[in-house]
Amino acid sequence: MLTESGVVWLVAAVAVVAIVLPYVLRFRQRVRHDRERKAEAGRLGIDRPVAQFPFVDDQLCIGCGACAAACPEGDVLGVVGGTAVVVNALRCVGHGRCEVACPVEALEVGLGDLKSRDDVPLLDDELQATVPGIYIAGELGGLALVRNAAVQGRMAIEAIAASTTRSKSGDGSVVDVAIVGAGPAGLSAALAAKDSNLSYAVFEKESDLGGSLLHYPRRKMVLTQPVELPPWGRLEREEYKKEELLEIFKRMVSQTELDLRFGEAVEDVRLEEGLFRLRSSTGSELRARRVLLALGRRGSPRKLGVPGEELPKVMYRLLDAQSYRGERILVVGGGDSAAEAAIGLARQSGNRITLSYRKEKLVRLKNKNLLALEQLVDRGRVELLLSSRVDRIGSSKVELQDGHGETLEIENDYVFVFAGGVPPFGFLQQIGIGFGGQRAAAEL
């Protein structure tokens, strides 16, 4: 028969089990789920990072899962075998919240080994390319997010300031650094150059600043994360509307009197007698001691290569979804640009939206885009055709092939293609800049 103290201990034990058991069961369920996600990611080939991703030090990691819970994209990280692991590397956009959330500092967001990638220039730790004196900052080097581009622009200028003697030319014919591109990386670099007393010039092929932001849809939310832009100030918020961010940049340029040359695309860069000579599309020339390329990766849109793609109904960017109502629209692609276009168009009155993607699963989307798209699919506002490809585009119909090899024909008024862009690799190779794939091939 239990004594009074025994009863107390029994009650306490039951209470502890009642409290702890649900946690243990949830933890085991989460670990099992993460293990299944990791296996699926390996099968789909999305566990291998292609740009920025979280580095996990398994000697320090305690497997608490705080990093996975902090990630806004939902399933970049998981806990398998008691250690945090990268599950869906394609979804990492470099927020860095996982890094902040880790209680033991076992995680850092950065770039992986890019030596085997033939679409990313080889850079040293100071962002210098294989051509000495030429630096690369921003998404052209593999990193996404405005904050990352801004940080890299400043880093490159700091390296340039430490490696070059200031120009003594007073006529402006020679500058310490020529900056190509007026997006976040180029603007941050220009601010840093001015703050470092470096003479500089910024070339921008567009008629306005912003870089890739200019081509974003209207009212699109842009991920920034708080970032310092010395000596001007700081971007405080995590997200801004496209128009809002561009207006901030314009005020910044006006207040700091940055030297920007709009409508001038740099067409040639070559080293002559210890200086780089840059020639622009307007025919003007400038000599510089160093060059910073902040071009972005947009380049020209990648085509599908199918009959009918030359029709005027086929477009490669969507600026304003509200311009389309009561239309039958096909969106092609599996990234965030395609998803955002489908979401925006599906919310307009009378539109019938079909989203075609060549793979069996949407694995590259930001979590909020994936959730919004799934809701529209469930409500019948978007028809999702996975494992499909476009075969032919007609004036009023489009032919597709599904995953079983059968032909589908859908009625259609417009086609929006988001198959990525062809980055300015030709220009970089013309300059002599090397890519990871070239080194990998040479080492075979």
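Please treat every number below as a calculation from the coordinates, not as lab data. Please read these numbers as outputs of a predicted model, since none were measured by experiment. Every residue, glycine as well, gets a Cβ built from its backbone with ideal geometry; the counts of neighbours run over all protein chains shown.
Structure above, values below:
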quantity	calculated
Backbone N within region 286-324 under 20 Å of label point (7 Å from residue 165 Cα along the Cβ vector)	287-291
Around residue 99: net Lys/Arg minus Asp/Glu count, Cβ-Cβ under 12 Å	-2
Distance between modelled label sites at residue 367 and residue 347, nm, 7 Å Cα→Cβ extension	2.0 nm
Centre separation in Å (Cα based) which lies between region 53-96 and region 250-298	39 Å
Relative contact order (%) - region 375-433, alpha-carbon pairs under 8 angstrom, separation at least six	19 percent
Among 288-296, 392-400, 232-240, the order from most to least packed when residues are scored by Cβ within 10 Å on average	288-296, 392-400, 232-240
Amide H within-cut-off set for residue 229, under 5 Å, with H built and near neighbours excluded	234, 235
Stretchable slack from residue 407 to residue 195, in nm (0.36 nm times residue separation minus alpha-carbon distance)	70.3 nm
Entries in 242/368; 366/397; 241/368 that, when Cα-Cα distance is taken, lie over 21 Å	366/397
Label point distance in nm, residue 57-residue 108, each placed 7 Å from Cα along Cα→Cβ	0.8 nm
Shape call, region 343-426: gyration tensor on alpha carbons, a/c limit 1.5	rounded
Residues residue 320 and residue 244, FRET efficiency given R0 of 22 Å [Cβ-Cβ distance, rounded to 0.05]	0.85
Relative contact order, percent, region 232-298 [alpha-carbon distance under 8 Å, six or more residues apart]	18 percent
Cβ-defined net charge surrounding residue 333, 12 Å radius [Lys, Arg +1; Asp, Glu -1]	+4
In Hz, Karplus ³J(HN,Hα) per residue of region 127-141 (6.51, -1.76, 1.60; θ = phi - 60°; x = Gly, Pro)	6, 8, 7, 5, 9, x, x, 10, 10, 9, 9, x, 5, 4, x
Amide H contacts under 5 Å for residue 77, placed H, 5+ residues apart	87, 88
Burial order of peptide ranges 301-310, 63-72 (average beta-carbon count within 10 Å, highest first)	63-72, 301-310
